[in-house]
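Colleague: The structure that follows is given in the form of structure tokens.
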Amino acid sequence: MAFDTFVFILVSGIVLGGLYALMAVGLAVVWTTLDVFNFAHGAFVALGAYVAWQVTQFAPGPQGFVFATLAATIFMFVVGFLLHFCLIKPFERSPNIVLLAVITTLAASSIMESSIQLIWGPREKQIEAAVSGRFEFFGAGIGANDLLALVVALAALAGLALFLRRTSTGRAMRAAAQNREAAELMGFNVAILFAVALGIAAATAALAGAFIGSLRFINPTFGADPLMKALVVVIFGGVANFTSPIYAAFILGIIESFSIYYLGLYWAPAVLFALMIAVLIVKPEGLFGNRQKTL
Amino acid sequence: MAPFFEIRNLSRSFGGLKALSNLSLVVDEGEIVGIAGPNGSGKSTLFNVITKIPFGSSSGEVVFRGSRIEGLSDIAIARMGIVRTFQRETVFRSMSCVDNILVAIEQTLGARGAEAEKLADEASEIVGFPRNFHNVPAAALPIFYQKQLMITTAVAQKPKLLLLDEPASSLIEDEVDWVHEVIKKLNSMGITILLIEHVLPLLTGVSSRLLVLEQGSRIALGPVDDVIRNPVVVEAFLGKPQ
Ligand SMILES: Nc1ncnc2c1ncn2[C@@H]1O[C@H](COP(=O)(O)OP(=O)(O)OP(=O)(O)O)[C@@H](O)[C@H]1O
Ligand SMILES: [Mg+2]
């Protein structure tokens with residue numbers, strides 16, 4: 001393989017990894033705090049993308065994209081926050097909470113996808129990117145918008161990490177995730193903290209969705225694929241640390257990018273799932289995991 | 001003048017169970033009052049209903065420095081200076097020690113940033129909690145240091161009345177001596193203390209008075225020497241070693 005092809009595949013993999021990281025961290029935050037798996041995460045990505053698309057219809061151009069992304073992120077934070085009280089909170093005392101949450105989040109996912117279809121129709125759309133053009137990078141042409149997606153994803157992850165480590169709400173969220181009983185005993189408003197966690201997950205999903213929508217075409221059910229990838233990432237990397245799914249996302253993004261080149265688009269997902277199953281067999285707590293899960 | 005702290009006819013029931021019934025007590029500023037009683041006699045429940053953490057009383061009055069507080073929220077009560085520790089380990093195990101302290105101060109006092117960090121440092125200094133443990137995950141500490149962390153967390157909340165729920169449980173003798181010293185030190189700094197403890201040498205060693213509960217009711221209250229000779233107490237509690 002020529003060196004420029006190698007660089008191109010590698011950079012595409014890293015960009016893919018950045019977007020996977022953003023989505024996987026959203027899943028992981030919900031998994032570590034609420035103790036449930038959020039099957040609506042893909043629909044969060046899709047709804048976020050459509051909201052961003054709608055805003056760019058009123059506000060075109062680069063500023064429009066920035067504005068649309070911000071609006072979608074905030075809108076989805078509110079949606080996620082409120083959904084906690086419909087999807088998870090009513091069932092939290094039930095011994096079947098994990099199973100019930102699978103059902104409620106799947107239901108929410110399907111309702112959101114149908115709503116997207118009703119509001120915006122089934123036809124594919126693309127969001128106008130903020131930047132265009134290509135960089136020459138070791139002989140490979142790298143899209144400016146790909147690079148922007150990577151930088152924003154990394155900045156958002158760093159911001160989220162700072163929020164969790166350095167702010168009082170972040171600390172309280174980690175405490176509630178860690179030991180819900182003790183947090184309740186100490187008078188924390190756990191319901192609000194959990195709602196914030198779901199809100200953050202939805203917001204990161206929206207951010208990823210807006211960028212995916214500017215890189216490819218979107219349709220009402222396009223979130224299913226990112227959800228699957230994020231699931232593979234979370235299982236592959238584990239959730240022992242905030243950074244575990246992030247490393248995993250980049251590794252899988254790069255592997256996917258190379259498998260697409262060598263094996264073709266249709267085999268690439270199979271490679272990822274095979275890797276996931278291998279990790280489940282060899283190290284079920286995830287590649288970077290130990291047996292405990294934290295934020 | 002109104003007493004420093006007073007409870008009047010405090011009761012709490014769980015369904016048919018009277019965990020606390022008609023308990024009254026007056027505490028002077030600067031006192032250490034020890035609380036004893038068999039398992040399930042309502043000691044921890046008393047701390048719960050005073051602080052409203054996690055629940056309040058069914059009936060009765062709590063008066064702190066002249067004002068009724070039983071209608072206030074848990075946070076308002078903590079901000080007035082009534083702070084408790086818990087009998088069970090309530091450290092957040094995967095969080096660093098300093099985060100454990102900070103999350104509590106942020107929750108109760110609403111302190112933020114550098115101010116919160118200063119409170120955490122001061123409390124570590126007072127209690128003698130080693131500052132080089134600050135960035136260690138709490139779970140990595142031996143139980144003794146986790147107990148120290150719980151006390152440091154309470155002290156960081158600037159208590160005027162400190163409620164300690166079995167600070168010496170599952171500690172060895174030297175460590176119990178450390179608890180003894182730290183209680184004396186906090187008291188000498190002007191903090192009034194209510195102490196629940198099954199380790200009797202500690203309880204009788206630091207307390208000026210003892211309150212003994214049985215099935216939610218007061219069966220004795222008075223100077224330590226009188227109470228431990230009281231035949232009712234001996235029969236209810238001291239006669240049966242825990
Ligand atoms: N939240 C609750 N719900 C129902 N019953 C409770 C609750 N909390 C306490 N109780 C009951 O109230 C009684 C008093 O409990 P409490 O924890 O105050 O005892 P204690 O004196 O602290 O005992 P120990 O020495 O074992 O700590 C017990 O019978 C207990 O089972
Ligand atoms: Mg108790």
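The values are calculated or read from the model by the stated rules, or taken from the named source; none is laboratory data. Just so you know, these numbers come straight off a predicted model, no measurement behind them. We place every Cβ from the backbone using ideal geometry, glycine too, and count neighbours over all the protein chains shown. These accessible areas exclude ligands, DNA and RNA; they are computed on the full protein's heavy atoms, side chains included. Shrake-Rupley method; radii C 1.70, N 1.55, O 1.52, S 1.80 Å.
Colleague: Regarding B:Pro201, is this residue at pLDDT below 95, away from ligand 1 (no atom under 13 Å from the Cβ) and away from every other protein chain (no Cβ under 14 Å)?
Modeller: The answer is yes for B:Pro201.
Colleague: Inside segment A:129-148, can you point out the residues that are in contact with a helix residue (DSSP H, G or I) (Cβ under 7 Å, 6 or more places away or on another chain) and among the acidic types (Asp, Glu)?
Modeller: If the condition is that a residue be in contact with a helix residue (DSSP H, G or I) (Cβ under 7 Å, 6 or more places away or on another chain) and among the acidic types (Asp, Glu), then A:Asp146 is the only one that fits.
Colleague: While we're here: When you check A:Ala172 against the structure, is it assigned to a helix (DSSP H, G or I), within 22 Å of the chain's Cα centre (by Cα), within 14 Å of chain B (Cβ to nearest Cβ) and among the hydrophobic types (A, V, I, L, M, F, W, C), yes or no?
Modeller: no
Colleague: Now for a different question. If you scan segment A:112-123, which residues turn out to be open to solvent by 100 Å² or more (accessible area, probe 1.4 Å) and either part of a loop (DSSP other than H, G, I, E, B) or at pLDDT below 90 (or both)?
Modeller: Passing the criteria: only A:Arg123.
Colleague: In segment B:60-71, is there at least one residue being in contact with a Lys or Arg (Cβ under 9 Å, 6 or more places away or on another chain), within 16 Å of ligand 2 (Cβ to nearest atom) and modelled with pLDDT of 90 or more?
Modeller: no
Colleague: Here's something else I'd like to know. Within segment B:76-95, take every residue that is under 20 Å from B:Lys147 (Cα atoms) and open to solvent by 20 Å² or more (accessible area, probe 1.4 Å) and give me the one that is nearest to ligand 1 (Cβ to nearest atom).
Modeller: Result: B:Gln87.
Colleague: Anything in segment A:76-89 that is surrounded by 19 or more Cβ atoms within 10 Å (Cβ to Cβ) and more than 10 Å from A:Leu207 (Cα to Cα)? List them, or say none.
Modeller: A:Phe77, A:Val79, A:Gly80, A:Phe81, A:Leu83, A:His84, A:Leu87, A:Ile88 - these are the residues of segment A:76-89 that are surrounded by 19 or more Cβ atoms within 10 Å (Cβ to Cβ) and more than 10 Å from A:Leu207 (Cα to Cα).
Colleague: In addition: Going by what's in this entry, would B:Ser73 be described as closer than 23 Å to B:Thr108 by Cβ, open to solvent by 40 Å² or more (accessible area, probe 1.4 Å), over 17 Å from the mean Cα position of the chain (by Cα) and within 14 Å of another protein chain (Cβ to nearest Cβ)?
Modeller: yes
Colleague: Here's another thing I want to ask about it. Give me the residue from segment A:174-222 that is surrounded by fewer than 24 Cβ atoms within 10 Å (Cβ to Cβ), polar (S, T, N, Q) and under 30 Å from B:Gln157 (Cα atoms) and, out of that set, modelled with the lowest pLDDT.
Modeller: A:Asn179
Colleague: Okay, next question. For segment B:31-46, check the following and say yes or no: at least one residue is within 14 Å of chain A (Cβ to nearest Cβ) and within 26 Å of A:Phe188 (Cβ to Cβ).
Modeller: Yes, segment B:31-46 has at least one match.
Colleague: If you scan segment A:33-55, which residues turn out to be open to solvent by less than 10 Å² (accessible area, probe 1.4 Å) and more than 15 Å from A:Ile97 (Cβ to Cβ)?
Modeller: A:Ala40, A:His41, A:Gly42, A:Ala43, A:Phe44, A:Val45, A:Ala46, A:Gly48, A:Ala49, A:Tyr50, A:Ala52
Colleague: Right, here's the next one. Among B:Glu175, B:Glu214, B:Glu181, which is the only one that is more than 16 Å from ligand 1 (Cβ to nearest atom), acidic (Asp, Glu) and in contact with a helix residue (DSSP H, G or I) (Cβ under 8 Å, 6 or more places away or on another chain)?
Modeller: B:Glu175
Colleague: Answer yes if at least one residue in segment A:151-167 is at the interface with chain B (Cβ under 10 Å from one of its Cβ atoms) and buried (at least 19 other Cβ atoms within 10 Å of the Cβ), and no otherwise.
Modeller: For segment A:151-167, residues at the interface with chain B (Cβ under 10 Å from one of its Cβ atoms) and buried (at least 19 other Cβ atoms within 10 Å of the Cβ): absent.
Colleague: Ok, one more. What number of residues within segment B:38-59 are crowded, with 18+ Cβ neighbours inside 10 Å and either within 24 Å of B:Thr152 (Cβ to Cβ) or at pLDDT 90 or above (or both)?
Modeller: Summing the residues that are crowded, with 18+ Cβ neighbours inside 10 Å and either within 24 Å of B:Thr152 (Cβ to Cβ) or at pLDDT 90 or above (or both) in segment B:38-59 gives 13.
Colleague: Could I ask something else about it? For segment A:24-47, does any single residue satisfy the condition of being without any contact (Cβ under 8 Å) to a residue 24 or more places away in the chain and not hydroxyl-bearing (Ser, Thr, Tyr)?
Modeller: The answer is no, given that none of the residues of segment A:24-47 is without any contact (Cβ under 8 Å) to a residue 24 or more places away in the chain and not hydroxyl-bearing (Ser, Thr, Tyr).
Colleague: So, B:Val91, is that one within 14 Å of chain A (Cβ to nearest Cβ), closer than 30 Å to B:His134 by Cβ, away from ligand 2 (no atom under 16 Å from the Cβ) and at pLDDT 90 or above or not?
Modeller: So B:Val91 does not fit the description; no.
Colleague: Considering only segment A:229-240, I want to know if a residue exists there that is surrounded by fewer than 16 Cβ atoms within 10 Å (Cβ to Cβ), in a helix (DSSP H, G or I) and out of contact with any His (no Cβ under 7 Å at 6 or more places or on another chain).
Modeller: no
Colleague: Of the residues in segment B:10-46, how many are out of contact with any helix residue (DSSP H, G or I) (no Cβ under 6 Å at 6 or more places or on another chain) and near ligand 1 (Cβ under 8 Å from one of its atoms)?
Modeller: Qualifying residue count for the region: 11.
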